[in-house]
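Trainee: Input: one structure, supplied below.
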Amino acid sequence: MYQQQKRATPFGVLRYGLVLVVLLWTTFPIAWMIITSFKPADDVMRMPPVFVFKPTFDNYVYAIEKANFALFIRNTVFVAVASTVLVIALGTLAAYSFARYNTGEGHILFFILTTKMFPAIAVVLPYFIIFREIGKTSVGQALAVGLDRPGALIISYTMFNLPFAIWLLVSFFQDISRELEDSARLDGYSRLQVLAKVVFPLATPGIAVTAVFCLIFSWNEFLFAYILTRDAARTITVGVESFFTLRGILWGPVAAAATISVLPMIIFVLLLQRYMVRGLTFGAVRG
Amino acid sequence: MSTISAETNPVSTGSERRRRGRSISDTWFSVLLITPAAIIILFFALVPLGYALNVSFRQADLTRGGIQGFVGLDNYRTVLADDYFWQSVRTTLVFTFFAVGIEMVLGIAIAFLINSVTVGKTLVRSLLILPLATAPAVTGLFWRYLYDTQFGLYNYFLGLAGLPQPNWLGDIKIALWALIVFDVWLWMPFVALIVLAGLQSLPKEPFEAAELDGASTYRILRTLTFPMLMPVLFLVAILRTIDALRLYDAVAVLTRGGPGTITETMTFYLWRTGLQFFRMDQASAMALLFLYGVIVGSLFALRPLLNRFAARAGER
Amino acid sequence: MIELRNVTKRFGLTTLAVRNLSLEIRDQELLVIYGPAGAGKTTTLRLIAGVTKPTTGDILQDDESIVDVAPENRNMAMAFENYALYSHIRVYDNLAFPLRARGLSKQEIDQQVHRIAHMLQIDELLDRRPGFLSGGQRQRVALGRAIIRPASIYLLDEPIGHLDAKLRNRMRGELKAMADEQHSTMALVTTSSREALALGDRIVILRSGVIEQIGTPEEVYRQPQNAFVAAFVGEPPMSFLDTEPIQEEGHLYLRPQGTVLQLPVSPQLAQSLDGDTTRYRLGVRASEITVSSQQDEEHQTPGEVYVVEHLGYCNVVSVKVGDGLLRALVGSNVRPSPKENVWLSLDCDHVHLFHNGKAVFHPSRLRNG
Amino acid sequence: MASITLENLVKHYGAVEAVRGISFQVEDGEFLAILGPSGCGKSSTMRMIAGLEETSDGGIYYDDKLVNAVRARDRNVAMAFETYALYPTLTVYENIAFPLRSAKWKSERVDEKVREISHTMELTDLLDRMPGELSGGQAQRIGLARALVREPAVFLLDEPISHLDTRQRHRMRQFIRHLHLELQYTMIYVTHDQEEAMAMADRIVVMHEGLIRQIGTPDEVFNDPADDFVAGFVGEPPINFLEGSLVQSNGTLSLRFRGHLIPLPESLQSRGDSLPSEIKMGIRPFYVNLRLDPDEPYDLAGEVFVVETLQDFCIVSIDVDDERLQVVAPLSARVQRRERVHLKLDPEFMRFFDLQTGKAVGLG
């Protein structure tokens, strides 16, 4: 009945077309990787590439049975989970202290961020030597800390994720209104009770998000795993290279291994979508 | 009608009314909370640093008897006189400049593009994020397959389009660009997502006011959108720069520094010096130079920015 | 009794939230803390509660310093302006929260929660999470959580400021009744002059962290110590007219700026003028002058109508006198039109007089009272 | 300047109907207030008039021209926002100059105009500041100045003074009202504060839940509310409602409220047949009188709940059985909490509403 405001349509179509191109560009390599992982060995190396084929699990079977991949997966899960637990346990307390009491008036917090800016390569050599030495001691052996032992990776990842986790958690704790705690204290609860009854429950989503971020970083880490492990403690990211054989690169199993490595994290990231920005910018930008 | 009737106060009777349990002060409490984390960070950050510092002043060739005598600044001199070192610095800078530059330009454009889309924004964002979930070392490896001259998909598509099919990883003129393209694929979504978040967090009213004031789109962009977005853009650029300077994973799996040493970045050269040539002394000196450069440079830029965000968070 | 002695609170290096504040809150009194935004009202409450520590100065309860006593040991209750509700638990549990700290039995808690919920008309909300409540509902829950238990003092930070007019009116009455009935000690922060006057046994007027005046509602309204208090207490606000004293034929007059008027000064008022020839400001409350369309014995000051505001049961007429604007309260049937010339009953003995911001004279009694 | 006409305007957001078919006209040069509680649809209405929000149905006319399809920037509307909406990246000067520069004015003329308006609004000292350095009151004035710097077809104000303190609010009230008298702009003013609407507007549109409840002058809205919602929303302290049924006794038509019989005013006595049997009477606290002398005739008896002393009068809350009524009494009335008092209602100011529909049924 009444004429409504109309948006210009040709632009609209162009816009969606461009968005489609962008999405194709970002998702294509991952999609192709997953597709390749289901290809029979013959089709993987065919040119021009085959888009229709009979899917097979051969590559996965090969990866897990022949290339010891089950061990790599076990190592990765263990190392990632253990370091995440450690990071969260230590990080929440410290972050709360920074967020609520402004401990060190920002200087300590910033120093902590500095360590996150370390190029990993700059410390990995000393780590290599330190863990080699610790590994020779009985303590090191008892705690499984040493070269090619999971303890070395757990400690390294804890160290490297802690600054990030603290920064992110500080931003989550800062979102909790100070008055909530003040109110609880006036109601008669002590500081520790307030922490347990008010702060942690309210920060649970933030803590969960931080934990998943740490998990992803540890899961995807390459350099430390590459240098500090050889066989027994090897993780997936590095393990994928084991398909570089003398006969050439076995792209089918590589794709299968890569898919195994990538899929769990893709799921996490999709769940975390809303918080990605915040995590990636150390809590500075709220997504 | 009810009335407010809390129980009548017991009339105050001096100190017995208060449980004067004097607990530890806020200061002590706050320090206690950070102690465990601080110990870990201090130990595992400073000890390796100290160690590297120590080694950088000594002779330490692991093929010849490990760590030995004090040599002063010799290692630093050697490094600074090393052509390969400077080449790796140049490679790193070129890579950083182009990768970050392209990511910023494309990322900003894509953020604006997505912001203007009304339907399916969540889906778009979800798909855009995917590369960020993956391990660069793993996807990078797979990109070798995509770049392959024989059965790589990229050249297949280029061929279909009648374009030249370069030897991505083997051609000394192109190999660095192959790295840059991969890095752009990996990190452009990061820029786009953050700029998008920045765009969406801008207050609506000034833009509505500008609309009513009859401002042109260009004018709104120039006087409002970009100036208001500037802190976020800076932050992204700096975070990306720091990361690009530290580039290691992609080089390690895609090109291994090759062909020749043409794509050897600082980090990769450092790794090679330390763990292939086993010259721990020079590697440590390099690491410290590198650390100094990255940290001092980036943090001077980062600190005011993060403080600004922190202050803004405090206002909420 | 709570006493603040020379308390200063500094945030950062430059911000002084309160400056050398000395104040006492007597037992069983309702003290209203009133002032504009940024006056330090909330900081004062937080200092008393112990959730903010003073930079310098001492806070005493019954003559004992409590600066080092933790908030949980002070037996005080506070309602926060931003409500401070726990979003992860239901309204019921929010209300029960302070009672649980005291180890009350389930049954007692249940009884108290329902009593308070009924009084604040939030019975139906008990099972909801705070995130699903409107601002006004949240505010009532916050108030409920503060007053659900006995406390040595209730600190209420704008406890009804966000309610709609009708509910605010009602809750104001409830608060006043609670204070009267329970003989509780209360300190209440508000930005509404009406609330301050209606509720307070005494009112503290703060500005930029400094006390401008402390007194009963009657005192701060009738005898404001300075122009700030005069302008800030009462609605519609007091209007001011810059004047200068002139001497003519042995008589003393005040002349409003921008006019050739001569307002006679009585001998009594002349004493307050003290021979100073600089500017004085007349302060006139809307209820202290009347308006007439004709000049008569009472209405001698001419002016031009600026705007007329309808309030239903009465109108407020703003009249331009020289360079100043005076507001006058008139009956709802009196409605002069803008630019009309009217006459005001401006009489120096029935208005307030300020010199350099300080009050030098107040009318001894109400004209229309 | 233009007159604005709304014709059956509808706005829904998904399933939520914010505005449910409203029509009214704002005359050229009129000051109209849209008054209602939060969520009543008043802001959506204004935003549709400005063109910031699309209409779901219905028409908006500027003079006689349908503007539904006209973009906001082409409607020539000036608006002052509740949150000021200053441009945070520009100085105060550039903020005020913004609309002029958009209209491609020459910079000398811009300068002249900006200086002129900042002089009138006492902003000259602030021109070099950034919006972040301003107090709420200053930002508010600059928002207004920016809107006033050009000559719009209609001037929209969205809760423009709700964040100011009492003193500033009264000053801005005077200022805006005066401005309207001087410039004769068509103005639409959205507010939830009934006192603001009453004090400033030529006419008031009272909205509730997306519908118009009444359109009228402040006097009409105050004295002859169209329904019980308007009656309850306008006026401070709020009106008292007494619900009961109509009864005939001794030839007098009365309202039976709890145990009391309150005779209806003369003018309604003869209209018994046209009145509903269940009725709600509204009477403002100003028109209920305390009777302390027990021998005088009275309508109601109750117990004082609380006495609040305001500046020039007291508000006495009185519980009549379980209904709490409010009475405005002079300062000289000394009553105590819990005291029994008698009340006499002024028949001239009784208003009656159908208990079922809430609609006004007759004047006292």
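Trainee: Is any residue of segment C:160-186 close enough, with backbone N under 19 Å, to a label point placed 7 angstrom from the Cα of C:GLU24 along the Cα-Cβ axis, and if so, which?
Mentor: Under cut-off, by backbone N: C:184-186.
Trainee: Any residues in segment C:275-313 that have 50 Å² or more less accessible area with all protein chains than in their chain alone, probe 1.4 Å, and which are they?
Mentor: C:TYR306, C:VAL307, C:GLU309, C:HIS310, C:LEU311, C:GLY312, C:TYR313
Trainee: At 222 nm, what helix-only mean residue ellipticity would chain C give, in deg cm²/dmol to the nearest 500, using -39500 (n - 2.57) for each DSSP H run of four or more? Don't jump to the answer; show the numbers that get you there.
Mentor: Values: 9 runs with 91 residues, N = 369.
Result for chain C, helices only: -7500 deg cm²/dmol.
Trainee: Just want to confirm a number: the relative contact order over chain C, from Cα pairs under 8 angstrom separated by 6+ residues, in percent. Could the numbers behind the result be given before it?
Mentor: Numbers: 779 pairs, mean separation 54.0, N = 369.
It comes to 15 percent, rounded to a whole number.
Trainee: Could you give the dipole magnitude of chain B about its Cα centre, charging the beta-carbon of Lys and Arg +1 and that of Asp and Glu -1, in debye to the nearest 20? Walk me through the numbers on the way to the answer.
Mentor: Values: 25 positive and 20 negative charges, 146 e Å.
My answer is approximately 700 debye.
Trainee: Let me ask something else about it. With each pseudo-label sitting 7 Å past Cα toward Cβ, what's the C:GLU219-D:GLU243 distance in nm, one decimal?
Mentor: 4.6 nm
Trainee: Treating each Cα of chain D as an identical point scatterer and ignoring solvent, apply the Debye formula and state log10 I(q)/I(0) at q = 0.06, 0.07, 0.10, 0.15 Å⁻¹.
Mentor: Calculated log10 I(q)/I(0) at the listed q: -0.31, -0.41, -0.74, -1.21.
Trainee: What residue among A:ILE35, A:GLY146, A:THR158 has its Cα farthest toward the positive end of the dipole of the protein assembly as shown, where the charges are +1 on Lys, Arg and -1 on Asp, Glu, each on the Cβ?
Mentor: In the protein assembly as shown, that residue is A:GLY146.
Trainee: Further, regarding this structure: I'd like the Kirkwood hydrodynamic radius of segment C:2-232, using the inverse of the mean 1/r over distinct C-alpha pairs, in Å. Walk me through the numbers on the way to the answer.
Mentor: On the way: mean 1/r = 0.0550 Å⁻¹.
Evaluated on segment C:2-232, it is 18.2 Å.
Trainee: With the Cα gyration tensor of segment D:255-298 giving a ≥ b ≥ c as the square roots of its eigenvalues, does the rule (a/c under 1.5 for rounded; else a/b larger than b/c for prolate; else oblate) give rounded, prolate or oblate?
Mentor: prolate
Trainee: Taking every residue in B:41-53, how many Cβ atoms of other protein chains lie within 10 Å of its Cβ, on average?
Mentor: 6
Trainee: Considering the zone a paramagnetic label at B:LEU93 would reach in this model (a point 7 Å from Cα along the Cα-to-Cβ line), which residues of segment B:247-284 have amide N under 16 Å from it?
Mentor: Counting only backbone N, you get B:264-267.
Trainee: I'd like the mean, over residues of D:195-204, of how many other protein chain beta carbons sit within 10 Å of each residue's own Cβ.
Mentor: Working: counts 6, 1, 1, 5, 9, 3, 1, 0, 0, 1.
Shielding by partners across D:195-204 averages 3.
Trainee: What does a probe at D:GLU116 reach in segment D:122-151, counting residues whose amide N is under 18 Å from the point 7 Å along Cα→Cβ?
Mentor: What the label zone holds, given the 18 Å backbone N cut-off, is D:122-124, D:144-151.
Trainee: A:PHE51 versus C:SER332, label points 7 Å from Cα toward the beta carbon: distance in nm?
Mentor: Between A:PHE51 and C:SER332, the simple spin-label model gives 7.9 nm.
Trainee: When the helices in chain D are scored as -39500 (n - 2.57) per DSSP H run of 4 or longer and the sum is shared across all residues, what 222 nm value do you end up with, to the nearest 500 deg cm²/dmol?
Mentor: -7000 deg cm²/dmol
Trainee: Shifting gears a bit: Using a 10 Å cut-off on Cβ to Cβ distances, tally the other chain neighbours for every residue of A:109-117 and report the average as a whole number. Present the calculation step by step, with values, prior to reporting the outcome.
Mentor: Values: counts 3, 6, 5, 6, 4, 8, 7, 3, 11.
Shielding by partners across A:109-117 averages 6.
Trainee: How do A:LYS136, C:LYS176 rank by accessible surface area computed with a 1.4 Å probe, from largest to smallest?
Mentor: Details: A:LYS136 135, C:LYS176 25 Å².
Listed by decreasing accessible area, they come as A:LYS136, C:LYS176.
Trainee: Where the accessible area of the protein assembly as shown is counted over protein heavy atoms with a 1.4 Å probe, how much of it, in %, is carbon and sulfur?
Mentor: Details: 29690 of 53930 Å².
Carbon with sulfur: 55 percent of the solvent-accessible area.
Trainee: Hey, another quick one. So what's the angle, to the nearest 10 degrees on a 0 to 90 scale, between helix D:107-120 and the longest Cα principal axis of chain D?
Mentor: On a 0 to 90 degree scale, this one is about 30.
Trainee: What FRET efficiency comes out for the pair A:PHE244/A:ALA89, r = Cβ-Cβ distance, R0 = 51 Å, nearest 0.05? Write out the running numbers ahead of the final one.
Mentor: Working: r = 38 Å, r/R0 = 0.75.
Efficiency, from the Cβ-Cβ distance: 0.85.
Trainee: Using 7 Å Cα-to-Cβ label points, what is the A:LEU143/C:ARG129 separation (nm, one decimal)?
Mentor: Rounded to a tenth, the inter-label distance reads 4.0 nm.
Trainee: Of the options A:THR204, A:GLN193, A:ILE227, report the single residue whose Cα projects farthest towards the positive end of the charge dipole of segment A:173-265 (beta-carbon charges: Lys, Arg +1; Asp, Glu -1).
Mentor: Result: A:ILE227, furthest along the dipole toward the positive end.
Trainee: Ballpark to the nearest 100 Å², how much total accessible area do A and B bury together, probe 1.4 Å?
Mentor: Accessible area lost upon association: around 8700 Å².
Trainee: Below 8 Å between Cα atoms, with a sequence gap of 6+, how large is the relative contact order for chain D in percent? Write down the numbers at each step before the final one.
Mentor: Values: 743 pairs, mean separation 56.3, N = 364.
Once normalised by length, the contact order is 15 percent.
Trainee: Loop-only GluC sites (Glu not before Pro) in segment C:190-250, please: DSSP not H, G, I, E or B, and at most 12 other Cβ atoms within 10 Å. Display every interim value, and only then the final one.
Mentor: Values: sites: C:GLU195, C:GLU212, C:GLU218, C:GLU219, C:GLU248, C:GLU249; in loops: C:GLU249.
Those satisfying the criteria are C:GLU249.
Trainee: Over segment B:43-190, what is the mean sequence separation of C-alpha contacts under 8 Å (at least six apart), divided by residue count, expressed as relative contact order in percent?
Mentor: On the way: 97 pairs, mean separation 30.2, N = 148.
Reported as a whole number, the value is 20 percent.
Trainee: Using the heavy atoms of the protein chains alone and a 1.4 angstrom probe, what is the accessible area of segment A:202-287 per residue in square angstrom?
Mentor: Numbers: 2700 Å² over 86 residues.
The answer is 31 Å² per residue.
Trainee: Something else: To the nearest hundred square angstrom, how large is the accessible surface buried between C and D, total for both chains, probe 1.4 angstrom? Working shown, then result.
Mentor: Working: alone 18090 and 17550 Å², together 31950 Å².
The C and D chains share an interface burying roughly 3700 Å².
Trainee: Using modelled amide H (1.01 Å from N, peptide plane; none on Pro or chain starts), what sits under 5 Å from the amide H of C:VAL360, excluding residues fewer than 5 places away?
Mentor: The answer is C:LEU353, C:PHE354, C:HIS355.
Trainee: Further question: Taking the Cα centre of each part, how many Å lie between segment D:161-231 and segment A:189-264?
Mentor: Centre-to-centre (Cα) distance: 62 Å.
Trainee: Still on this model: Return the value, in Å² to the nearest 100, of accessible area buried between chains B and D (probe 1.4 Å, both sides summed).
Mentor: Details: alone 20050 and 17550 Å², together 35560 Å².
That pair hides around 2000 Å² of surface in total.
Trainee: How large is the accessible surface per residue of segment A:10-56, computed with a 1.4 Å probe and reported in Å² as a whole number?
Mentor: On the way: 2750 Å² over 47 residues.
Per residue, segment A:10-56 has 58 Å² of solvent-accessible surface.
Trainee: Starting from the coordinates of the alpha-carbon atoms of segment C:61-171, obtain the Kirkwood hydrodynamic radius over all distinct pairs and give the value in Å to one decimal.
Mentor: Numbers: mean 1/r = 0.0684 Å⁻¹.
So the Kirkwood estimate lands at 14.6 Å.
Trainee: Another question, if that's okay. Kindly provide log₁₀ I(q)/I(0) values, in the same order as q = 0.08, 0.10, 0.16 Å⁻¹, from the Debye equation applied to equal alpha-carbon scatterers of segment A:62-280.
Mentor: With one equal scatterer per Cα and no solvent, log10 I(q)/I(0) is -0.35, -0.53, -1.10.
Trainee: Just from its helices, what would the mean residue ellipticity at 222 nm be for chain B, if runs of 4 or more DSSP H residues each count -39500 (n - 2.57) and the sum is divided by every residue, rounded to the nearest 500 deg cm²/dmol?
Mentor: Working: 12 runs with 209 residues, N = 316.
Helix contribution divided over all residues of chain B: -22500 deg cm²/dmol.
Trainee: Across 5 Å bins from the origin, how do the percents of Cα pairs in segment B:82-315 run, short distances first?
Mentor: Once binned at 5 Å, the Cα pair distances of segment B:82-315 give 1, 6, 11, 14, 15, 15, 12, 9, 7, 5, 2, 1, 0, 0.
Trainee: Right, here's the next one. If you average 1/r across every pair of different Cα atoms in segment A:135-206 and take the reciprocal, what Kirkwood value do you get, in Å?
Mentor: Values: mean 1/r = 0.0669 Å⁻¹.
Hydrodynamic radius (Kirkwood, Cα pairs) of segment A:135-206 is 14.9 Å.
Trainee: Here is a further query. Quickly rank C:151-162, D:15-26, B:65-76 as a protection proxy: mean count of other C-beta atoms within 10 Å, highest first. Show your work: numbers first, answer last.
Mentor: Details: C:151-162: 23.6, D:15-26: 16.7, B:65-76: 13.4.
The peptides rank, most packed first, as C:151-162, D:15-26, B:65-76.
Trainee: When the convex hull of the Cα atoms of the protein assembly as shown is projected onto a plane and the area is averaged over all directions, what value comes out in nm²? Mind showing how you got there, number by number?
Mentor: On the way: hull surface 255.2 nm².
In nm², the orientation-averaged hull projection of the protein assembly as shown is 63.8.
Trainee: What is the diffusion coefficient of segment C:239-361 in µm²/s, taking the Kirkwood radius over Cα pairs and the Stokes-Einstein relation at 10 °C with a viscosity of 1.306 mPa s?
Mentor: Numbers: Rh = 14.7 Å.
The calculation lands on 108 µm²/s.
Trainee: Could you provide, to the nearest whole Å², the per residue accessible area of segment C:138-239 with probe 1.4 Å? Walk me through the intermediate numbers first.
Mentor: Details: 2440 Å² over 102 residues.
With the other protein chains kept in place, segment C:138-239 gives 24 Å² per residue.
Trainee: Right, another one. In whole Hz and in residue order, list the ³J(HN,Hα) couplings for segment D:36-49 that follow from phi through the Karplus curve 6.51 cos²θ - 1.76 cosθ + 1.60, θ = phi - 60°; x for Gly and Pro.
Mentor: Using θ = phi - 60°, the values come out as x, x, 5, x, 8, x, 5, 5, 4, 4, 5, 5, 6, 5 Hz.
Trainee: Right, another one. Rounded if a/c is under 1.5, else prolate if a/b is larger than b/c, else oblate: which is segment D:121-182, with a ≥ b ≥ c the root eigenvalues of its Cα gyration tensor?
Mentor: On the way: a/c = 1.72, a/b = 1.19, b/c = 1.44.
Oblate, since a/c reaches 1.5 and b/c is not below a/b.
Trainee: Quick one: which residues, 5+ away or cross-chain, put their amide H under 5 Å from the amide H of D:ARG284? H built at 1.01 Å from N.
Mentor: D:ASN240
Trainee: Same structure, new question: Amide H of D:LEU331 versus every other amide H placed in the peptide plane: which residues, excluding those fewer than 5 positions away on the same chain, fall under 5 Å?
Mentor: Answer set, sorted by chain and number: D:CYS314.
Trainee: How large is ³J(HN,Hα) for each residue in segment B:51-62, as worked out from phi by the Karplus curve 6.51 cos²θ - 1.76 cosθ + 1.60 (θ = phi - 60°), to whole Hz, x for Gly and Pro?
Mentor: 4, 4, 4, 4, 5, 5, 9, 10, 8, 8, 9, 5
Trainee: Whole-Hz ³J(HN,Hα) for each residue in segment C:155-164, computed from phi via Karplus 6.51 cos²θ - 1.76 cosθ + 1.60 with θ = phi - 60°, x for glycine and proline: what do you get?
Mentor: 10, 10, 9, 6, x, 10, x, 9, 7, 6
Trainee: Does segment C:106-156 classify as rounded, prolate or oblate by the C-alpha gyration tensor (a ≥ b ≥ c root eigenvalues; a/c under 1.5 gives rounded; else a/b over b/c gives prolate, otherwise oblate)?
Mentor: Here segment C:106-156 falls in the oblate category.
Trainee: Using r as the Cβ-Cβ distance of D:SER23 and C:ASP201, and R0 as 60 Å, what FRET efficiency do you calculate, to the nearest 0.05?
Mentor: 0.70
Trainee: Given a Förster distance of 51 angstrom, what is the FRET efficiency for B:ARG222 paired with A:HIS107, based on the Cβ-Cβ distance and rounded to 0.05?
Mentor: Details: r = 38 Å, r/R0 = 0.74.
Taking R0 as 51 Å, the efficiency between B:ARG222 and A:HIS107 is 0.85.
Trainee: Does anyone have the angle between helix D:136-148 and the longest principal axis of chain D? Alpha-carbon axes, 0 to 90°, nearest 10?
Mentor: 60 degrees
The values are calculated or read from the model by the stated rules, or taken from the named source; none is laboratory data. Being a predicted model, the structure only gives us computed values, none of them experimental. Virtual Cβ from ideal backbone geometry, glycine too; neighbours counted across all protein chains shown. Accessible surface areas use protein heavy atoms only, side chains included; no ligands, DNA or RNA. Shrake-Rupley method; radii C 1.70, N 1.55, O 1.52, S 1.80 Å.
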